[in-house]
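This report concerns only the one structure given below.
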Amino acid sequence: MSLAFCGNENNSLAYNVDRGVLNNGCFLDALNVVPHIFLLFITFPILFIGWGSQSSKVHIHHSTWLHFPGHNLRWLLTFILLFVLVCEIAEGIVSDGFTQSHHLHLYMPAGLAFMAGITSIIYYHNIETSNFPKLLLALLFYWVLAFLMKTIKFAKYTEHSVGLRQLRYCITGLLALLYGLLLAVEINVILGRRYLCFTEATEVKPPEDLQDLGVRFLQPFVNLLSKATYWWMNTFITAAHRRPIDLKVIGKLPIAMRALTNYLKLRKAFESQRRPLGSMPQGPKWIWRALRQAFGRPLIISITFRFLADLLGFAGPLCISGIVHHISKDNRTIQPPIKLLGVYFISSQEFLANAYVLAVLLFFALILQRTFLQASYYVAIETGINLRGAIQTKIYNKIMRLCTSNMSMGELTVGQICNLVAIDTNQLMWFFFLCPNLWAMPVQIIVGVILLYYLLGISALIGATVIAVLAPVQYFVATKLSQAQKSTLEYSSERLKKTNELLRGIKLLKLYAWEHIFCHSVEETRGKELTSLQTFALYTSISIFMNAAIPIAAVLTTFVVHVHISEEADLSPAVAFASLSLFHILVTPLFLLSSVVRSTVKALVSAQKLSEFFSSDEIGDEQEPNATMPTGPSNHKTIPSCPRNHNNKYQAVPLKVVNRKRHPRDDWNNYSHEGGNPPPQEGDQDLCIRITSGYFTWTDGTPTLSNINIKVPFGKLTMIVGQVGCGKSSLLLAALGEMQRVSGTVTWNIPTSDKDAADDGDIEKRGSVAYASQKPWLLNATLVENITFEMPMIKPRYKAVIEACSLQPDIDILPQGDQTEIGERGIILSGGQRQRIGVARALYQQTNVVLLDDPFSALDIHLSDHLMQEGICKLLREEKRTVVLVTHKLQYLPHADWIIAMKDGTIQTEGTLKDIQNSDPKLFEQWKTLMHRQDGEFEKETVAESMTVLERKNLRRAMYSKEAAKTEEEHEEESVESEEDDSLSQAMRHRTTIPWRSCGVYLSSAGLLLPLLLLSQLFKHTLMVAIDYWLAHWTSHVITAKMDATGRNCTVAQECGFSHSWYLSVFSVLCCLGIVLCLVTSVAVEWTGLRVAKELHHNLLSKIILAPMRLFETTPLGNILNRFSSDTNTIDQHIPATLECLSRSTLLCVSALGVISYVTPVFLIALVPLAIACYFIQKYFRVASRDLQQLEDSTQLPLLSHFSETVEGLTTIRAFRYESRFRQRLLEYTDANNIASLFLTAANRWLEVRMEYVGACVVLIAAVASISNSLYNHLSTGLVGLGLTYALMVSNYLNWMVRNLADMEVQLGSVKRINGLLKTEPENYEGLMAASQVPDGWPRQGEIQIQNLSVRYDTTLKPVLKQVNAHISPGQKVGICGRTGSGKSSFSLAFFRMVDMFEGRIIIDDIDIAKLPLQTLRSRFSIILQDPILFSGTIRFNLDPEMKATDDMLWEALEIAQLKPVVKTLTGGLDAMVTEGGENFSQGQRQLFCLARAFARKSSILIMDEATASIDMATESILQKVVMTAFADRTVVTIAHRVHTILNADLVIVMKRGIILEYDRPQALLEKEDSVFAAFVKADK
């Protein structure tokens, strides 16, 4: 068949031009080729020459700067134009199919037009991004020409009475309209940019974001095509393969998405709701209104996209129905088309009846639907993320203004506020994500049911009812699920608390051989947790089962009813498979329903919580009238406080109240005044703070502080003293404006930095005050940052402060010196170290006023003296700073310039020490005796080893071999960072592979359940395919029966012996089996998950509890705890669901591809390139997705800890006036977290769009192949329907498969980490003797022989004891002393085999301890450690967890430890509760409890390891006597840090560097002049 432009039939009609050229149809088409040829010829050279060189590019992301007006409209119109042109090509080909020769003119012009359309948009894009508007002239000419040609053609058609019945007429009209609109857009660009016909062109500047190269998130700035397909993400995602994604790579957020921008938007929405009187409306309603106002618009866009996507989704079933229907027509004769103007025309019905046309339309519908769906998701999620940022910022600003009393009175806890941030803002965000579903679901359901009714009649409604009836059941299951999750969470947190205690006290537990008791208690809680996990698993499996079984049940009931209702039931493949697809569409919104409803309920609760939080009390924001001092200079500050008491009690106070008559004082001359009342003006000049008749309270009850009248002189040292709990700290906070003031005034006299704001009596304007709180507050930052606290680093000043607080030795111990991270996530410091850092911060700041709240409480005497002399008296005095010091150390009173004595919330007296001596001699005497006692303590303290040295030692011990054992995570990091190419590439390769080994570990823990799981999954999917295959077989037979019936002239098929019943019964059996298997698989998956969770946790716990001490000293506690918290949680709850989803979507895809290949084997050829595409997409995506997910998690941590940090340090931040700096930091953290979330979202959309497009290609190829196969090879129509239905499924499940694969990979990380810990070698618990062979009361005498003993902590480390020999007789009291690190503690640990004894042996009562089982050995000795450890539980449990001792024995032990009176007063006595870590007892009492614990154990050998470190002198001396008497007949080994405690021992051992220096009676050693022991004792005096 030859080709010719106008066809070459014999009649020359095609070339007939008798009635004028323009009346020839073929010529009209030829004319239309001209503009397209013109465009292609003009633009190709320009595009190819590459003219980036001479364009005026600005230094921006130039490829994304879109600045021509009408930009998006042009892209939209071009897309529509291309679609219409495709239709024109198709129409030409179809109408050409009816003639003998090919008429090129029917589709060639349209083909050229298609090429020209694509060229035009590429050309335009290049011109726009390189900013060269003059070249748009070519396009202007093109649009004019094309518009003219199409209009001529359209006019001629109308003239020749071609009407709307002919499809080509409509297409031509549409094209003329589109070209006209594009021409209008082009003219608009000229008018906007004035590059033609105007003297000067308009200047345009790129937006700020694009000038900033740090902004890498380009979604808002790229063109429509790139927006829809996330094309701009390509480079980003492929780059992730070469280097890991971090915050540097993802850059900054665009301005419109920053938390600040969104917060201002939200605040404006809140402000607009203020009532006329200015009060804020209450309740959650106004939160919703504000959210709607601020973020409503994008949501509406998202909902619109969602509607469009859902409606396009119904194209699938309809096209399947059309295609199968078209194929199954037995005679394929169609009326010949009409011939006008010498050309053929067809109507739109004929066009749409063509199966190939439907296949192409289906392809376009799928692509559009997926694009709209992803756009809808993206917009909703972006809005949700913006909203989260805004609300978090609003919460933070509220925290900054919260009343401290709310916090201290427990109305709001740190935990609650962190929950608001971590949970409630996320709930609102999720609600916004799911919001479009709320609106789209009803539409989807209604349209679906209507279509089903149209296909199947009344029986469809019955099927839909089955689905509808089961929906409430699903909701019920969903609510049960969330309840189960809640109870699981409660048990988990209880288990974690116990695990935490166990790990913190692991050393003690091992020494006392109690680890199994605690392990058992953790296991018990885990058992409860597993029971509730079982419920969780049960409901999850029901939910999975229903999701799989509902569609089967619905299809089954529908078809059964359909066949039974009507004899003439039309059950053709077209109907059957279209309704099958529709049921699949219908089920989706019903699955989502439960989660959407749940999310909505949670969001309502969260809004309620937020509204309560936003309406809690604030500090001095809304001011009441202030009482500024009536006289005095202008820079007085009067501080308003929490505005709870609205009756105005702050009238100005007459001055006589302030300067009360006082006893004549001699020290006023200090202040350059003669006696008597000073002139008010000057007196005030010299006062820094004055409180006049102040009444302050924390709650609404009675005032905590009453009738306060104090002055704090300027530039002097003021001390506040008084008993515990008399309100000293409260006084400082009242002065800072943190308490609620009932009446009176607080006046500050510090010049602020901004002079103009001087006479607002506003708390905001009081200058910065350096404040060190009683409970030190540290940031999660390096030690330097904690001290400089946002101030510039001044080296000499920093050195001086470090020296004054004696922090240098501590800094030397830390692994990275002063660059070490401290705080929650860093190194754990002791109380004294934390306190000194807090004080150092206050000293370093250059503020005029320094408030120190009991800075000596956790310091020993040397440190406090040093701090007092160097820090307070020297540093601060020299700088003439006003210092207010709260203290209990009365010996420092002589240093004070001014003393304020408090008693029971009032001022007892104030003045200089001399004044008080004169005015209140009784008080002065009382102080004097106390001062002497404290000085006496000072004399007794030793230089050898003070408490601080001890703290440092603990720290050093914790650090002692950080180098030797890097944790596995650090190892991984290092391998990624190392610079050599091969190791880097290896690390990268490692990042791209899936952790199959962890997967193996996970599955192998399942044991026998594994084969069941695999078999049931395979069976289920085989059955699913069988059900659908049987349906195809049955419906094909219905059609052949019908054809037979027409052949034999039966009126109905039944008469010719065709019966549905046999097919129906097989179908029903298969469906019921399928439903049963669904149940089996869902239960199998969940049980496997539970079994593995149980196994892994049990193994982990038993491994950890038996691990050597070395593990705990070298692995940060947080790391081990994380294995028990987040990793265990992942294994418990997330992996089973992901595994189920992954296996289901993978098997569905495989079975679908199998079915399609079975129906049309040709498909396998096309499958190869598609499979390769999929492989690369998922490979790149997985790496990027994992990095982004980790980034999102890791950016969330600092954000949450910043919140908790701020809440804890609120008073400090406000005293320093650092609110704005902290707000700034919050914005940085929020933006970092949000940009990670946005990139993660964009990456997910990137994947889904690509996978959906691959899916659409699968559908197109499958459709075309099966249509051809059916038309030429007589493939049965049922199988065509089957193939198409499955092809549609592939596109749904492909991206699920990849997403689940990526999730699985992240979650298997948990298994990998836990498996890492499972590989630790346990201690050797077995001895050579069995436990039964050890004599019962061993050791009776307590004789110890140490022979040639060498000890090291690990095989890789140097020995800490070298060939030590000693002999201790029964009942001897031995003291061991030596400097830090001399091996004293290692000596005591050797008795318990806690360290590696690689040489020599210890023989106790004739038994070598190396032969004993560890458990037996450790249970026979007692030891008292230097850090007291108590567990939560009763006192009885703390003293004797094994429940062996009687009450009398316990009371006796308490009496020995001087604790009997304390415990007697507690409610419950021995059964009184101890809180976590023993927080409800003081440090000293805790140490005494540890002594009692050792006494209660009645063992004949007692080891005391620096046990009296935190006990005051008096108690210690009593204890020494008691130990001597109560343990007269037992062997006691004391490791001493105060040498005088071992002066009356029977034997003293002095150690140095792991060897014994001296070994003799203390008297003998003291007589020797040159003995080290004597030197120690001298230093101690």
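The values are calculated or read from the model by the stated rules, or taken from the named source; none is laboratory data. Since we're looking at a predicted model, the values are computed, not measured. Positions of Cβ are backbone-derived with ideal geometry, glycine not excepted, and every protein chain shown enters the neighbour counts. These area figures cover heavy atoms from the full protein model, side chains too; ligands, DNA and RNA do not enter into them. Shrake-Rupley method; radii C 1.70, N 1.55, O 1.52, S 1.80 Å.
What does the accessible area of residue 246 come to, in Å² to the nearest 10, when a probe of 1.4 Å is used?
50
Using DSSP to call loops (not H, G, I, E or B), can you name the trypsin sites (Lys or Arg not before Pro) in the stretch 209-297 whose Cβ has at most 14 other Cβ atoms within 10 angstrom?
Numbers: sites: 216, 227, 242, 248, 252, 258, 265, 267, 268, 274, 285, 289, 292; in loops: 216, 258, 274.
Hits after loop and neighbour filter: 274.
I need the Kirkwood Rh of the stretch 1066-1132: take the reciprocal of the average 1/r across all distinct C-alpha pairs and report it in angstrom.
Numbers: mean 1/r = 0.0672 Å⁻¹.
When all Cα pairs of the stretch 1066-1132 are included, the Kirkwood radius is 14.9 Å.
Determine which lysines satisfy two conditions relative to residue 880: a Cα distance under 26 Å, and not lying fewer than 8 residues away in the same chain.
The reachable lysines, counting only those whose Cα sits under 26 Å from residue 880, are 637, 711, 716, 728, 755, 765, 795, 799, 889, 914.
I'd like to know which of 1222, 1145, 1169 lies farthest towards the positive end of the charge dipole of the stretch 1082-1235, counting +1 on Cβ of Lys and Arg and -1 on Cβ of Asp and Glu.
1169
Students often check this: by mean Cβ neighbours within 10 Å, which of 769-782, 447-460 ranks highest, and how do the rest follow?
Working: 769-782: 21.4, 447-460: 18.9.
Highest-to-lowest ranking by the protection proxy: 769-782, 447-460.
List every residue whose amide H lies under 5 Å from the amide H of residue 908, counting only residues 5 or more places away in sequence or on a different chain, with H placed 1.01 Å from N in the peptide plane.
Placed amide hydrogens put 901, 902, 903 under 5 Å from residue 908.
Leaving out same-chain residues fewer than 8 places away, which lysines sit with a Cα under 17 Å from that of residue 498?
507, 510, 528, 1103
Across every pair of different alpha-carbon atoms, what Kirkwood hydrodynamic radius in Å does the stretch 1093-1137 reach? Please report the intermediate quantities before stating the final value.
Values: mean 1/r = 0.0884 Å⁻¹.
Kirkwood radius, the stretch 1093-1137: 11.3 Å.
Using bins 10 angstrom wide from zero, how does P(r) for the stretch 436-586 break down, in % of all Cα pairs?
The percentages, shortest bin first, are 10, 26, 19, 14, 11, 10, 7, 3, 0.
Can you give me the long-range amide H partners of residue 4? Hydrogens built in the peptide plane at 1.01 Å from N, cutoff under 5 Å, separation of 5 or more residues or another chain.
Here 102, 104 satisfy the definition.
Determine which lysines satisfy two conditions relative to residue 1042: a Cα distance under 21 Å, and not lying fewer than 8 residues away in the same chain.
329
May I ask for the net charge around residue 485, where only other residues with Cβ less than 13 Å from the Cβ of residue 485 are counted and Lys, Arg are +1 while Asp, Glu are -1?
Working: positive: 480, 486, 598, 602; negative: 490, 529, 1132.
Result for the neighbourhood of residue 485: +1.
How large is the accessible surface per residue of the stretch 1519-1581, computed with a 1.4 Å probe and reported in Å² as a whole number? Display every interim value, and only then the final one.
Values: 3110 Å² over 63 residues.
Roughly 49 Å² per residue, with all protein chains present.
Determine the order of 237, 1556 by accessible area, beginning with the largest, at a probe radius of 1.4 Å. Let's see the in-between values first.
Values: 237 0, 1556 45 Å².
Putting 237, 1556 in descending order of accessible area: 1556, 237.
Can you give the alpha-carbon Rg of the stretch 835-925 over 2.2 N^0.38 Å, where N counts its residues? Mind dumping the intermediate values first?
Numbers: Rg = 13.9 Å, N = 91, 2.2 N^0.38 = 12.2 Å.
It is 1.13.
Over all Cα pairs of the stretch 1163-1233, how is the pair count split among 5 Å bins, expressed in % and running from 0 up to the last occupied bin?
P(r) over the stretch 1163-1233, rounded to whole percents: 3, 14, 15, 12, 10, 8, 7, 6, 6, 5, 5, 3, 3, 1, 1.
Considering only protein heavy atoms and a 1.4 Å probe, what is the carbon-and-sulfur percentage of the accessible area of the stretch 999-1153? Before the final figure, lay out the partial values.
On the way: 4440 of 6270 Å².
It is 71 percent, rounded to a whole number.
Can you run phi through the Karplus equation (6.51, -1.76, 1.60; θ = phi - 60°) for the stretch 1388-1402 and list ³J(HN,Hα) in whole Hz, with x for Gly and Pro?
Going residue by residue, I get 6, 5, 4, 4, 9, 6, 7, 10, 7, 8, 9, 8, x, 7, 10 Hz, with x marking Gly and Pro.
List the equivalent ellipsoid semi-axes of the stretch 1192-1338 in whole Å, largest first, each obtained as the square root of 5λ for an eigenvalue λ of the Cα gyration tensor.
Working: eigenvalues 624, 290, 17 Å².
Each semi-axis is √(5λ); the values are 56, 38, 9 Å.
Averaged per residue, what accessible area in Å² does the stretch 441-594 show with a 1.4 Å probe, protein chains only? Each step should come with its number before you reach the end.
Values: 5970 Å² over 154 residues.
Value for the stretch 441-594: 39 Å² per residue.
Within the accessible area of the stretch 1358-1412, what % is carbon and sulfur when the probe is 1.4 Å and the other protein chains stay in place? Intermediate values should be presented prior to the final figure.
Details: 900 of 1980 Å².
Summing carbon and sulfur atoms, their accessible area is 45 percent of the total for the stretch 1358-1412.
Provide the per-residue ³J(HN,Hα) series for the stretch 883-897, in order, calculated from phi with Karplus coefficients 6.51, -1.76, 1.60 and θ = phi - 60°, each as a whole number of Hz, with x at glycine and proline positions.
10, 10, 10, 9, 7, 9, 7, 6, 5, 8, 4, x, 6, 6, 8
Can you work out the accessible area per residue across the stretch 1179-1231, with the rest of the protein chains kept in place, probe 1.4 Å, in square angstrom? Present the calculation step by step, with values, prior to reporting the outcome.
Details: 1680 Å² over 53 residues.
Per residue, the stretch 1179-1231 has an accessible area of 32 Å².
To the nearest 20 Debye, how big is the dipole of the stretch 777-933 about its Cα centre, given +1 on the beta carbon of each Lys and Arg and -1 on that of each Asp and Glu? List each step's numbers first, then the result.
On the way: 17 positive and 21 negative charges, 55 e Å.
Dipole about the Cα centre, nearest 20: 260 debye.
For residue 743, enumerate residues with amide H under 5 Å from its amide H, sequence gap 5+ or separate chain, H modeled in the peptide plane.
Here 695 satisfy the definition.
So how exposed is residue 893, as accessible area in Å² (1.4 Å probe, rounded to 10)?
Solvent-accessible area, nearest 10 Å²: 0 Å².
What part of the accessible area of the stretch 110-158, given as a whole %, is carbon or sulfur when the probe is 1.4 angstrom? Working shown, then result.
Numbers: 1470 of 1740 Å².
The C+S portion of the solvent-accessible surface of the stretch 110-158 is 85 percent.
Just from the alpha-carbon atoms, what are the Rg and Dmax of the stretch 1039-1194 in angstroms?
Rg and Dmax of the stretch 1039-1194, Cα atoms, are 27.3, 93 Å.
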